[in-house]
Amino acid sequence: MREREWPDDGELVVCTVQNVRDFAAFVNLDEYDGRQGLIPISEIARGWIKYIRDYVREGQKVVCKVLNVDPERGHIDLSLKDVNEHQRREKIHEWKNEQKAAKWIGFVTEATGVARQTLEEQFYRDYGLLYPAFEDIVATGSESLDKFNFDAGVKESLSTVAHENVKVSKVTITGTLVLTSARPDGVNVIRRALRSAQPKMDEVEIDLNYVGAPKYRIKVTAPDYKTAEKAIEKSAAAAVGVMERAEGTGKFVRKQKSG
C-alpha cells in the first residue's frame with residue numbers, strides 16, 4: 001500500500017507495459033496497485049517515431065513522468081521521453097528498496113503479530129516511503145524508534161530487522177519548492193531564490209531540479225537524517241526568504257525520503 005492512491009503531477013513512477021498500440025502504450029503503475037496509465041506516442045521518445053515497438057514492448061519495466069491525473073475519469077497521462085537515464089536509475093533503485101522494505105515489514109508482522117497496516121501507515125506518515133524508516137533506525141537507533149507509537153517488542157523486532165538488512169552510507173531526502181512572482185523580473189527573482197537554496201555545507205549535497213512551473217524539487221544528500229533535515233530546512237528557508245523580500249510567494253512542501 002501507499003499513503004496516496006494516486007500519483008502527483010511531475011512524479012516519477014515505475015510501470016509495466018501491458019499493451020502497445022500504434023498510437024500509444026498502456027501501462028500499469030506498479031506502485032499504485034496497478035492503476036493503468038497511458039503513454040501517447042508523442043511522449044514515447046524525442047523525434048519522429050516510425051514504429052512504437054522499437055521503443056516499448058509488452059512486459060517491459062519503464063520509468064515515466066506523470067503529466068496529468070484525473071481521478072474522476074480514472075485517467076493517468078504519462079511521459080517516457082521526459083525521464084533521463086539518471087532519473088530512471090535512481091527511481092528503479094528506490095523502487096527496489098521499497099520492495100525490500102515491504103518484505104522486512106512482513107518479517108516484523110510475523111514475529112510480533114502487529115498489523116502490517118499499522119507499520120506502513122506510521123512509516124508513510126513520517127517518511128513518505130518505507131525503506132527510509134529502516135535506514136533511520138540503523139542511523140539513529142533509539143532516537144528514531146522512540147518516536148514510533150509501538151510496544152517494546154515491535155521496536156525490538158524493527159531494530160533487529162533493520163540492522164540485519166540495511167547498510168547506511170548516505171541518506172537522501174526531498175521536497176518541493178513552490179515559487180511565484182508577479183514582478184516583471186519575476187524570472188530573475190526565482191533564479192536568485194534558487195541560488196540561495198544551495199548553501200555550502202560540509203558533507204551535504206543539494207540538488208535543485210525544475211519540475212514544472214511553479215515547482216522545483218530539492219534533493220539533499222547527507223551522512224544522516226538529522227544533518228539532511230537541517231540542510232533542507234535551511235535551503236528552503238533561504239529560497240522562501242528571497243521570494244518574500246521581493247514581494248513574491250514561496251512555500252516548501254516536504255514529501256519523501258529515500259536511500
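The values are calculated or read from the model by the stated rules, or taken from the named source; none is laboratory data. The structure displayed is predicted, hence computed values, not measured ones. Glycine also receives a Cβ, built like all others from the backbone with ideal geometry; neighbour counts cover every protein chain displayed.
Scan the stretch 52-67 for residues that are loosely packed, with under 12 Cβ neighbours inside 10 Å and not charged (D, E, K, R) and jot them down.
If the condition is that a residue be loosely packed, with under 12 Cβ neighbours inside 10 Å and not charged (D, E, K, R), then GLY59 is the only one that fits.
Here are some residues: ASP22, ASP77, ASP82. Which one is surrounded by 12 or more Cβ atoms within 10 Å (Cβ to Cβ), in a loop (DSSP other than H, G, I, E, B), in contact with a helix residue (DSSP H, G or I) (Cβ under 9 Å, 6 or more places away or on another chain) and not polar (S, T, N, Q)?
ASP82
Tell me the helices (runs of 4 or more DSSP H) entirely within the stretch 115-209 that contain at least 2 residues that are closer than 23 Å to ARG254 by Cβ and among the hydroxyl-bearing types (Ser, Thr, Tyr).
116-127, 131-140
What are the residues in the stretch 176-210 that are polar (S, T, N, Q) and surrounded by 14 or more Cβ atoms within 10 Å (Cβ to Cβ), if any?
Within the stretch 176-210, THR176, THR180, SER181, SER196, GLN198 qualify.
I'm told ALA139 meets every condition in (1) crowded, with 17+ Cβ neighbours inside 10 Å; (2) in the same structural domain as VAL242 (by TED's automatic domain parsing) except one. Can you identify the failing condition by its number?
If we test ALA139 against (1) crowded, with 17+ Cβ neighbours inside 10 Å; (2) in the same structural domain as VAL242 (by TED's automatic domain parsing), just (2) comes out false.
Filter the stretch 37-51 down to the residues that are in contact with a strand residue (DSSP E or B) (Cβ under 6 Å, 6 or more places away or on another chain) and of a type outside the set (Val, Ile, Thr), then identify the one that is surrounded by the most Cβ atoms within 10 Å (Cβ to Cβ).
Filtering first and then ranking leaves GLY37.
Looking at (1) in contact (Cβ under 8 Å) with a residue 12 or more places away in the chain; (2) more than 30 Å from ILE105 (Cα to Cα), which is the only condition VAL253 fails?
Going through the list (1) in contact (Cβ under 8 Å) with a residue 12 or more places away in the chain; (2) more than 30 Å from ILE105 (Cα to Cα), VAL253 breaks only (2).
What are the pairs, 6+ residues apart or on separate chains, where a residue within the stretch 49-63 that is without any contact (Cβ under 8 Å) to a residue 24 or more places away in the chain has its Cβ under 9 Å from a residue that is of a type in the set (Val, Ile, Thr)?
Listed by first residue and then by second, the contacts come to ILE49/ILE41.
Checking the condition at pLDDT below 95 and part of a loop (DSSP other than H, G, I, E, B), which residue from GLU58, GLU90, GLU72, GLU94 passes?
Only one candidate qualifies: GLU72.
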